[in-house]
Amino acid sequence: MKTRMFIATAALGASAAPAFAHLDPAEHGSLAAGLSHPFFGADHVLAMVAVGLWAAQIGGRTLWAVPAAFVSMMAVGFGLALAAVPLPFVEPAILASVVALGLIVAMAVRLDAAPAAAIVGIFALFHGHAHGGELGPAGAWSFAIGFIAATALLHAAGVGLGIALARLSSNGTVARLLGGVTALAGAALIFG
């Protein structure tokens, strides 16, 4: 009983440690900050994995075209932020992307690669702009390489998850359920 109490107390104490949502690029190196940045924001993780899930739902060329469009347009948004070109409603657009992408996956929307890429590309522009706006004094290129690589990894995880779920559930119910959960989580981020 004492061992269980000790483990429970230790686990509770560990969970009360301060949260570090993002590494400070000036203190921790810009490549490390770029790599870690997408993994520590729920909005980023949810949107990136949803892009991969949607690509897997559609299949074909979309498996690579949709994630590639996201990464490319995210880089454009990053460049716009570095060039001090403002975009309106960056944070609301990012939160809207989580809800919208979740709903798209939940409804198993089937589009050709070009319109699907255009949809994710619009959202990616805002995600990239936010990354560039948060950069601070860090080196832009190494930070960009880090967050682009991390984003591609999250997309790949979503594609892999989507392919695995398609094999387990021929009607796509589980992937659609995950899309619904993503949309609800996005709504919670907006109103929470």
Filter result for G128 (out of contact with any His (no Cβ under 9 Å at 6 or more places or on another chain), without any contact (Cβ under 8 Å) to a residue 60 or more places away in the chain and on the phi > 0 side of the Ramachandran plot): no
Going by the conditions given, is A116 under 29 Å from L177 (Cβ atoms) and either in contact with a Leu (Cβ under 9 Å, 6 or more places away or on another chain) or of a type in the set (D, E) (or both)? no
Sole exception among (1) within 18 Å of T62 (Cα to Cα); (2) of a type outside the set (G, A, S); (3) surrounded by fewer than 17 Cβ atoms within 10 Å (Cβ to Cβ) for F123, by number: (3)
Picking from A81, A152, which residue would you name as being surrounded by 16 or more Cβ atoms within 10 Å (Cβ to Cβ) and either in a loop (DSSP other than H, G, I, E, B) or more than 16 Å from the chain's Cα centre (by Cα) (or both)? A81
Would you mind telling me which numbered condition in (1) over 22 Å from G60 (Cβ atoms); (2) at pLDDT 95 or above; (3) among the charged types (D, E, K, R) E134 fails? (2)
Only one of these conditions is not met by P86: (1) free of Cβ contacts under 8 Å to residues at least 12 places away in the same chain; (2) assigned to a helix (DSSP H, G or I); (3) not basic (K, R). Which number is it? (2)
Residue tally, condition closer than 16 Å to L101 by Cβ and either part of a loop (DSSP other than H, G, I, E, B) or touching a helix residue (DSSP H, G or I) at 6+ places or on another chain (Cβ under 6 Å) (or both), over the stretch 173-184: 6
Looking for whichever is in contact with a Leu (Cβ under 6 Å, 6 or more places away or on another chain) and modelled with pLDDT under 85 here; the options are A33, A10. Which one fits? A33
With the requirement that a residue be of a type in the set (V, I, T) and in contact (Cβ under 8 Å) with a residue 24 or more places away in the chain, what does the stretch 146-187 give you? I148, T151, V159, I163, V181, T182
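The values are calculated or read from the model by the stated rules, or taken from the named source; none is laboratory data. Since the structure is predicted, the reported quantities are computational estimates derived from the model, not experimental observations. Glycine also receives a Cβ, built like all others from the backbone with ideal geometry; neighbour counts cover every protein chain displayed.
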